[in-house]
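These notes concern the structure reproduced below.
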Amino acid sequence: MKKYLLLGLAALLFCLPAGLWAQSRTGELYTDTLWIQYVGPNPEEGFSFGYFLAVPRGLERTEKYFLLAEADPGLLRISGGRADQTSGALSFLQSYPLLSSLKTPVIMPVFTRVPSAPNLRVGALDRDVMQIREGSLKRPDLQFLAMLKDARKRLKEQGIKTHKKIWLHGFGPSGDFCARFVFLHPKNVQAAVCGGTDGVVPLPLAELDGRAWNYPLGAADAREISGRKFDAKNWKRTPQFYYAVGRDNSLFWATAAFIGRSEGEAALDVLGLSLPARWNRTAALLKQSGAAVQTHFYSQRAFTPAWTDAAAFFKANGGKAFSPTLPAEM
């Protein structure tokens, strides 16, 4: 009976609106296969957004695991003018293919959008977000590092040991977070798989075709954005897999959020107007950089092969050497 009461309490916590979640430090949910914990914002520990931590049941306490970070996958729901991501996040985690295939702890930050600035994509580490110098939106990349530290402490309390570096995955806006975070903090990433970035990812270049290649396109103004020089050495050493999915030619970089911005105009002018054009140019430049990078363009808009390949890439790149993998769809 006690077990069911606890389950009911946990379920009640997870049904709370996002505003009440912020007041509650944690909420927990147990399923047959997972322990899922929500950790609320904790500015004292360095993060003003919450995060989810999902742990598969039956992990060996004698093993050491890579903490897999799934960059905020855009599960925002608006109800009565209030942002709420809890139901979407729970549903996502309980059916998350990488969690079931890799059987390793997963952390998922919840970077809620700001109603007063709908084009401000905190969870994508956009340029305007990275230039905020005070308040709760300051440096979400550093807030994510603080979340990782907090999550490791919680896992350690459960007897679960983790490596210092993470596996990082994302698709769409979270694919942008994935590519940009590894660009900003390569020493913290063991391997990264980033997809759905509209053929645009940060490149280790200060200029391209006579244009300054500024963040998030490149490293020309890295010190202004992050406070330090771009770490090209460690970025090139970090195994990275970038992919695009066919039949997705959305021209995101040309939407209202980017019209008039120098980086948007540069991406379209230099890399190309269509997704295939941008993808081909970006893939070629990544290859020319000499980095530990592989790329793939999936011909069909189907995600099963991409999930399979992501899991295989992480499994192959848990050591020191870069190990390219063969995509399931050729």
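Search the structure for amide H atoms under 5 Å from the amide H of Trp35, placed 1.01 Å from N in the peptide plane, and list their residues when 5 or more places away or on another chain.
Long-range HN contacts for Trp35: Val55, Arg57.
So if each residue of separation counts as 0.36 nm, and I subtract the Cα-Cα distance between Gln94 and Asp209, what length gain in nm does that give?
Values: separation 115, 0.36 × 115 = 41.40 nm, distance 4.54 nm.
Here the segment from Gln94 to Asp209 would lengthen by 36.9 nm.
Would you kindly state how much longer the chain becomes between Lys149 and Ala277 on full extension, computed as 0.36 nm times their sequence separation minus their alpha carbon distance, in nm to one decimal?
On the way: separation 128, 0.36 × 128 = 46.08 nm, distance 3.95 nm.
That pair, Lys149 and Ala277, stretches by 42.1 nm at full extension.
Quick one: which of Lys153/Lys233; Lys165/Lys320; Lys187/Lys320; Lys64/Lys165; Lys164/Lys229 span more than 19 angstrom between C-alpha atoms? Write out the running numbers ahead of the final one.
Details: Lys153/Lys233 29 Å; Lys165/Lys320 12 Å; Lys187/Lys320 13 Å; Lys64/Lys165 12 Å; Lys164/Lys229 22 Å.
Lys153/Lys233; Lys164/Lys229, as the Cα separations exceed 19 Å there.
Taking the simple approach of a point 7 Å from Cα along Cα-to-Cβ for both Asp221 and Ala117, what is their distance in nm?
My value for the distance between the label points is 1.5 nm.
On the protein heavy atoms, probe 1.4 angstrom, tell me the percent of accessible surface of region 103-220 carried by carbon and sulfur. Spell out each step's value before the answer.
Working: 2120 of 4220 Å².
C and S atoms contribute 50 percent here.
Suppose R0 equals 22 Å; then what is the FRET efficiency for Lys156 and Lys103 from their Cβ-Cβ distance, rounded to the nearest 0.05?
Values: r = 19 Å, r/R0 = 0.84.
With a Förster radius of 22 Å, E is 0.75.
Taking R0 as 22 Å, what FRET efficiency do you get between His163 and Glu45 from their Cβ-Cβ distance, rounded to the nearest 0.05?
On the way: r = 21 Å, r/R0 = 0.95.
My answer for the efficiency is 0.60.
What's the extension gain from Ser289 to Ser262 if we count 0.36 nm per residue and subtract their Cα-Cα distance?
Values: separation 27, 0.36 × 27 = 9.72 nm, distance 2.35 nm.
The span from Ser289 to Ser262 would gain 7.4 nm if fully extended.
Highest mean first, how do 205-213, 288-296 rank when packing is the count of other Cβ atoms within 10 Å averaged over residues? Mind showing how you got there, number by number?
Numbers: 205-213: 14.8, 288-296: 17.0.
Result, highest mean first: 288-296, 205-213.
Within a Cβ distance under 11 Å of Pro239, other residues only, what is the Lys/Arg minus Asp/Glu net charge? Display every interim value, and only then the final one.
Details: positive: Lys165, Lys236, Arg237, Lys320; negative: none.
Taking every other residue near Pro239 into account, the sum is +4.
The values are calculated or read from the model by the stated rules, or taken from the named source; none is laboratory data. Note that the structure is a prediction, hence the values are computed from the model and not measured. No Cβ is skipped: glycine too gets one built from the backbone with ideal geometry, and neighbour counts run over all protein chains shown. Side chains included, ligands, DNA and RNA excluded: accessible areas come from the protein's heavy atoms. Shrake-Rupley method; radii C 1.70, N 1.55, O 1.52, S 1.80 Å.
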